[in-house]
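Shown next, in structure tokens, is the structure this report addresses.
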Amino acid sequence: MSNPVPGPSTGSGQADGDPHADSAQSLRTRLAAARDELSAATSRGQAGRDALARYAGAVDDLVAELFTDALGDTPQAVVLALGGYGRRHLCLHSDVDLLVLFGGPLNSAHAGALNELLHPLWDLGLAVGHQVRELDDFARIEADNPEFLLALVDARPIAGDRDLFNRFMTRVQRADLYAHVVAALVALTDERHAPFNATFYQLEPDVKEAPGGLRDLAAVRTIARLTDPALLRQGPSDSARLDEAEDFLLRVRSILHLDARRNQNVLSHPMQERVAALLDYPGALPQARVERLMGDYFRHARGVARWLEWIRRVAPVPVGPNLVKAGDGVRFVDATVAASQPESWLSAFQAAVDAGAAVSDDTLAVIQQHADRFGGHDFLPDPTRQTAWLEFLKPRPGLYARLSQMHDSGLLGRILPEFGAITCRVVRDFYHKYTVDEHTLLAIRTLERLATPMLPGTSTRERERFASLLQDLERPELLVLALLLHDVGKSGDEEHVAESVRLARGVFDRLAMPADAREAVEFLIANHLQMSTVAFRRDTEDPETVRRFAAVVGVEDRLKMLCLLTLADVDAVSLETLTPWKAELLWRLYVDTYNSAWELTVVSLDKPFLFSNISGVLSSFGMDILRGHAMTSPHDLVLDVFQFTDRERFLELNPGARDEFIAVLENVVSGKVDVTVRLRRREQSPVHLRPRRVIPVVHCDNHASQRYTIVEIVADDALGLLYRISRVMSQQGCDVDLVLIATEGHKAIDVFHITQAGAKLSPAAQDALVASLQRLLEEDHEVA
């Protein structure tokens, strides 16, 4: 929103003795004194940078006083100087460009207060350009308003809420905005040069707009400021020459304004004589003085033009806050600032991956020098940074190289001390050719290569099929995290798989990872040797071998992730380990396992015991349930999803099996058939009569999840176990949202995510549920 305020009033209309009139007179007197001071300096040829800054300061005082009178009691409001006024280059008739910023929505009270601010400024005869905006207006880039974006670069606060100004700067100090501003500045500069035939050799130059003029000089400083301030020390001439040129051009412009009594910037032939005289150029005749003046003008214009040409050619590209991409890679604009902001370091590596560049040696040196000053929390201090870390781990070109740089600089070991502990770790065996840390990073490189588009003519079937699995993953960064942690247990002498799982749980806590992500990564670490063992050392032609492996894996997404992790882990052992034959065995096991798992989706209006009845139907057909997920809409529409294996191959071997299964399911869900009867018949079969070996245990946890009470049940694996457990939960008024099923031999480990009336269970409700479940499981144990 902008410019909601009407134009200047025609007069104050104040009576004598009116305090408002007295205030207006005071403002006029103070402004006149400031203008007289600047005019006097101009007449002496001394109205350069210092004089203009003093005049800008006087105008600041007037604006601040009016703002305080008009909006002093308004929370979250600030007035900013923009453009040349923001740079304090305010000539007598320059525009006073203001931005009045509000932290919240504008209202009628704000409009009245803005009148009280702007009308007196107009009445003073100032050329006030103004923008009125809300903070939320800066949530996106105004690509169609490049002049305004450029003006924002020089924004400085005059009065008001300093915290609001800081929040505003956070919004505008963004890599995408900086990159857009630089691109816009270059385009606007070319457009501005076109009417001058792109040459600074103008006989009657515009000292502001022409090539080599004040706007070009401001462009040089702006590009350096947004990309690399050090460029001002590396240019085609000493930076003091720029200062000299700026002061000269401003002194000339001040004279033009004083003489024309308006915003006049063309150094015409008649004005050249007057300017030469006021700047006290020597010479007996006016022509000699003019020649010396214009000689200095062209010298300064040529210097500015060369600076602009050079900086446009060499300036790095903004890629993040305090980050640019230069010839040597991504680096900090201000290394001193970066050294005290460890939470920003990850951004350098993220920007490097995104830009297809390295992180510069200078930046790595800053990180290496200061990394030991900070703890792990300093690098990922909040959920935003923690999420950014996981996002960074997505496999794509450059990830291995950037992780290697991160590791060598010490940053990776500070973020993940567990990984730092395996730095240069040597485990002597007959297989591995690399240190543990490099083996891990090379495994990630394998995933990176799968994620990298192949050049024409380099496609292979083996690569394409594994790459397709990676493309299917919803959160491939979890796979990379699992690889980073899968061997951290080798830092000591313990059994490394169990130790890696233990150490990984600490990482999950620090990253505040949600339960489903934790479970997925922990599963991969705990089972990272299982698929290679089955594929390379078991008879995968035996359907029972595949079914047992499918029961371990459970769901499709985990199967794909474990397959890719196994491929990467084996490939990183040595150049010779992953032979085409082993890759084929791994792929065959993946396909066979994938084909042995089934998924059932049921959509229905919510009904009592719905989840339990569906699981009962699956058990009655001999299915092994691997995972169940229930979702309910506000309108009581339920979506239940089950993954299961068909151990007895009922669906595969019987032509009408699917129709029979669906018919029974529909009858049970509709209440026409009691699934308990079907289950009882199957339980009485000699095939399902076996001794109980596990003492049942029930544990409730209200802390592991922000949304659910998690119930973990360890019991004998038995037909209909999930049905009976979920039925008890329904009887207790609980809703099952997710159930994860794992089987270890004859032991079932079922984890339920449940709620009661949409919330976690109270302690009393937990006690009642545990008692009921314990009683159920102990009765099952006794009956058997």
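Checking the stated criteria, Arg385 turns out not to satisfy the condition of being crowded, with 16+ Cβ neighbours inside 10 Å and part of a loop (DSSP other than H, G, I, E, B). Evaluating Arg88 against the criteria (1) in contact with a His (Cβ under 9 Å, 6 or more places away or on another chain); (2) open to solvent by 10 Å² or more (accessible area, probe 1.4 Å); (3) modelled with pLDDT of 95 or more leaves one unmet condition, (1). Which numbered condition in (1) among the hydrophobic types (A, V, I, L, M, F, W, C); (2) under 30 Å from Asp206 (Cβ atoms); (3) part of a strand (DSSP E or B) is the only one that Val324 fails? Exception for Val324: condition (2). Within the stretch 553-587, the set of residues being open to solvent by 50 Å² or more (accessible area, probe 1.4 Å), more than 15 Å from Leu626 (Cβ to Cβ) and of a type in the set (Asp, Glu) comprises Asp571, Glu576, Glu584. Among all positions in the stretch 722-741, there is no residue which is surrounded by fewer than 16 Cβ atoms within 10 Å (Cβ to Cβ) and under 30 Å from Glu648 (Cα atoms).
How many of the residues in the stretch 21-57 are open to solvent by 30 Å² or more (accessible area, probe 1.4 Å) and closer than 14 Å to Leu124 by Cα? Matching residues across the stretch 21-57 total 10. The criterion of at least 3 residues that are over 38 Å from the mean Cα position of the chain (by Cα) is met by the following helices (runs of 4 or more DSSP H) wholly inside the stretch 155-269: 239-260.
Per-residue answers, yes or no, for (1) β-branched (Val, Ile, Thr); (2) more than 16 Å from Cys91 (Cβ to Cβ); (3) in contact with a Lys or Arg (Cβ under 8 Å, 6 or more places away or on another chain):
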residue	(1), (2), (3)
Arg261	no, no, no
Arg289	no, yes, no
Tyr297	no, yes, no
Gly303	no, yes, yes
Arg306	no, yes, no
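A single member of Leu226, Leu150, Leu135, Leu164 is modelled with pLDDT under 90, in contact with a strand residue (DSSP E or B) (Cβ under 9 Å, 6 or more places away or on another chain) and surrounded by 15 or more Cβ atoms within 10 Å (Cβ to Cβ), and it is Leu226. Where helices (runs of 4 or more DSSP H) fall wholly inside the stretch 468-552, the ranges with 2 or more residues that are surrounded by fewer than 19 Cβ atoms within 10 Å (Cβ to Cβ) are 496-510, 515-526, 530-537. Within the stretch 99-117, can one find any residue that is open to solvent by less than 30 Å² (accessible area, probe 1.4 Å), within 21 Å of Val153 (Cα to Cα), in a helix (DSSP H, G or I) and at pLDDT below 95? Within the stretch 99-117, none of the residues are open to solvent by less than 30 Å² (accessible area, probe 1.4 Å), within 21 Å of Val153 (Cα to Cα), in a helix (DSSP H, G or I) and at pLDDT below 95. Residue check: Arg649 meets all listed conditions (1) open to solvent by less than 40 Å² (accessible area, probe 1.4 Å); (2) in contact with a Pro (Cβ under 8 Å, 6 or more places away or on another chain) but one, namely (1).
Six or more apart or on different chains, Cβ atoms under 8 Å: show the pairs whose first residue is in the stretch 722-736 and outside any helix (DSSP H, G or I) and whose second is hydroxyl-bearing (Ser, Thr, Tyr). Once the first residue is outside any helix (DSSP H, G or I) and sits in the stretch 722-736, its partners that are hydroxyl-bearing (Ser, Thr, Tyr) give Gln732/Ser772; Cys734/Thr755; Asp735/Thr632; Asp735/Thr755; Val736/Ser726; Val736/Ser730.
When the stretch 742-784 is examined, which residues are found to be open to solvent by 40 Å² or more (accessible area, probe 1.4 Å), assigned to a loop (DSSP other than H, G, I, E, B) and either within 21 Å of Thr676 (Cβ to Cβ) or at pLDDT 85 or above (or both)? Those that are open to solvent by 40 Å² or more (accessible area, probe 1.4 Å), assigned to a loop (DSSP other than H, G, I, E, B) and either within 21 Å of Thr676 (Cβ to Cβ) or at pLDDT 85 or above (or both): Ala757, Gly758, Lys760, Ser762, Ala784. Scanning the stretch 255-279 for residues that are more than 18 Å from Ala210 (Cβ to Cβ) and touching a helix residue (DSSP H, G or I) at 6+ places or on another chain (Cβ under 9 Å) yields Leu258, Asp259, Glu273, Arg274, Ala276, Ala277, Leu278, Leu279.
Quick grid of which residues meet (1) more than 38 Å from the chain's Cα centre (by Cα); (2) open to solvent by 40 Å² or more (accessible area, probe 1.4 Å); (3) farther than 27 Å from Leu769 by Cα:
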| site | (1), (2), (3) |
| --- | --- |
| Gly616 | yes, no, no |
| Val638 | no, no, no |
| Thr645 | yes, no, yes |
| Ala663 | yes, yes, yes |
| Gly671 | yes, yes, no |
| Gln706 | no, yes, no |
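The values are calculated or read from the model by the stated rules, or taken from the named source; none is laboratory data. Because the structure is predicted, anything quoted here is derived from the model rather than measured. Note that each Cβ is placed from the backbone with ideal geometry, even for glycine, and that neighbours are counted across all protein chains shown. Remember, those area values only see protein heavy atoms, side chains included, never the ligands or the DNA or RNA. Shrake-Rupley method; radii C 1.70, N 1.55, O 1.52, S 1.80 Å.
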